[in-house]
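Working notes, beginning with the structure itself.
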Amino acid sequence: MSSRHVIKKVWARFFEYLLQFDQPISWVIFLVVTIDLAYLLKSPESVENYLDEYLQNNPKQCEEVENIILHHNELSVMPGNIHRFTNIRILDISNNGLTILPDIFQYCQLSNLILKNNRLRNDTLPKEFTECSSLKELNLSGNDIKYFPDQILNFPNLKFLYLGGNNMENISNSIWRLKHLQVLSLGGNNISDVPLSVGQLKNLQALVLCDNNIELLPANIANLHNLRSLLLHKNKLKTLPPEIIALRNLSELSLRENPLIVRFVSDIQHQPASLLELSGRALKLYNIEVQPGDIPTTLLGYLNSAHRCVNSNCKGVFFDNRIEHVKFVDFCGKYRIPLLQYLCSSKCATIPADDVIRPHRTYLMKKVLLG
Ligand SMILES: [Zn+2]
């Protein structure tokens with residue numbers, strides 16, 4: 001058995017915090033065993049034979065194997081004996097020719113599963129994955145996935161999800177279930193809509209949506225208070241929601257190759273307001289109280305859906321009929337970006353100079369890429 005591909009790493013970690021408590025200095029020794037067969041262009045049979053040999057020669061040690069690295073081989077299927085390494089944490093089978101994926105989580109509680117640049121499709125992924133609470137990173141970039149695979153919502157503690165470079169057309173409405181996501185990478189797909197549920201991923205630090213067909217971002221993106229990086233280049237965005245200004249931790253925003261600054265005002269059409277809209281506006285403007293029972297509940301709901309006009313000199317509201325107004329906002333002293341606002345009427349489009357949305361005083365955009 002050659003030891004060339006079996007790397008034993010002895011990691012010694014010094015627990016400094018013990019010093020704080022005036023404890024004797026302690027050392028903890030971790031033994032991490034890695035089987036590394038990367039860049040060998042091996043066939044499925046030869047990888048399986050290698051692992052069989054390893055299992056025979058190291059019947060006890062196979063339980064210590066934590067990492068199996070198989071990237072850049074010629075695996076069209078996962079080696080059948082991989083599930084015998086029940087304690088693996090990291091499995092990297094990227095850059096192979098995998099066409100089918102078994103439910104590996106039946107056998108081992110992985111923390112990182114890296115499957116980028118293979119040939120996996122929606123119908124060759126398991127219909128369901130066994131729930132795995134230890135999985136932190138899943139990388140399925142560069143495969144042939146056409147729609148968001150909902151079965152990955154079975155990994156409740158996922159922090160890093162990479163699905164870029166597929167042909168995906170949607171983002172699951174249930175993505176809010178991945179509450180711990182820190183990185184969501186969806187660049188290079190065919191996504192046109194960003195669901196509201198993305199705005200519920202409160203731990204998100206990086207959102208990669210570049211190279212898609214997105215025309216509009218939901219305003220609740222502004223709820224992502226931990227967001228540091230928002231990559232939107234190569235989309236069809238004409239404006240950004242003004243709420244984006246609330247993202248105080250955002251330090252990188254890429255916007256190049258969007259029709260942001262060209263052709264937006266000319267497309268705007270305005271229809272006359274309906275009688276329902278006009279009467280609703282009047283009730284709100286003159287503060288006329290309406291009690292339950294006075295009018296049908298559907299109308300009460302309608303009245304509650306009123307939006308305030310953003311012109312501070314106007315006390316008006318609007319319902320479905322509104323004027324889209326594009327406001328250029330100075331983001332970092334160097335660039336002005338177009339933010340979309342809604343007004344109750346075209347008369348409100350001349351907003352007084354002191355009513356300009358200003359970024360928070362401490363807000364510093366480090367990098368805005370427009371061109
Ligand atoms: Zn107004």
Inset, instruction - Using label points projected 7 Å from each Cα along Cα→Cβ, tell me how many nm separate ASN226 and ASN57, to one decimal. - result: 4.4 nm
Inset, instruction - Give me the net charge of ASN212's neighbourhood, meaning all other residues with Cβ under 11 Å from the Cβ of ASN212; Lys, Arg count +1, Asp, Glu -1. - result: -2
Legend entry - region 275-318: C-alpha gyration tensor shape, a/c 1.5 cut-off, then a/b vs b/c: prolate
Inset, instruction - Measure off 7 Å from each Cα along the Cα-to-Cβ vector at THR34 and GLN106, then give the distance between these two points in nanometres to one decimal. - result: 3.0 nm
Inset, instruction - Answer rounded, prolate or oblate for region 38-116, using the Cα gyration tensor with square roots of eigenvalues a ≥ b ≥ c: rounded when a/c is under 1.5, else prolate when a/b is larger than b/c, else oblate. - result: oblate
Legend entry - Of the trypsin sites (Lys or Arg not before Pro) in region 107-155, those whose Cβ has at most 14 other Cβ within 10 Å and which sit in DSSP loop: ARG119, LYS127
Inset, instruction - Distance check, please: which entries in LYS284/LYS347; LYS127/LYS238; LYS136/LYS202; LYS116/LYS202; LYS238/LYS284 exceed 28 angstrom between their Cα atoms? - result: LYS127/LYS238; LYS238/LYS284
Legend entry - Hz values of 3J(HN,Hα) by residue in region 188-199 - Karplus curve (6.51, -1.76, 1.60), Gly and Pro given as x: x, 10, 10, 6, 10, 10, 9, x, 4, 4, 4, x
Legend entry - Charge context of PRO149, other residues only, Cβ under 14 angstrom, K/R +1, D/E -1: -2
Inset, instruction - Could you calculate the contour length gain from GLU131 to ASP150, that is, 0.36 nm times the residue separation minus the distance between their Cα atoms, to one decimal place in nm? - result: 5.6 nm
Legend entry - Contour excess over end-to-end distance, with Cα ends at ASN249 and ASN49 and 0.36 nm allotted per residue: 67.0 nm
Legend entry - region 74-88 - phi-based ³J(HN,Hα) in whole Hz, Karplus 6.51/-1.76/1.60, Gly and Pro as x: 10, 8, 8, 10, 6, x, x, 9, 5, 5, 7, 8, 6, 10, 5
Legend entry - Rounded, prolate or oblate (a/c below 1.5 giving rounded, otherwise prolate when a/b exceeds b/c) for region 125-260 by Cα gyration tensor: oblate
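Throughout, read-outs are computed from the coordinates displayed, never taken from laboratory work. Everything numeric in this text was worked out from a predicted model, so none of it was measured. Note that we place each Cβ from the backbone using ideal geometry, even for glycine, and neighbour counts take in every protein chain shown.
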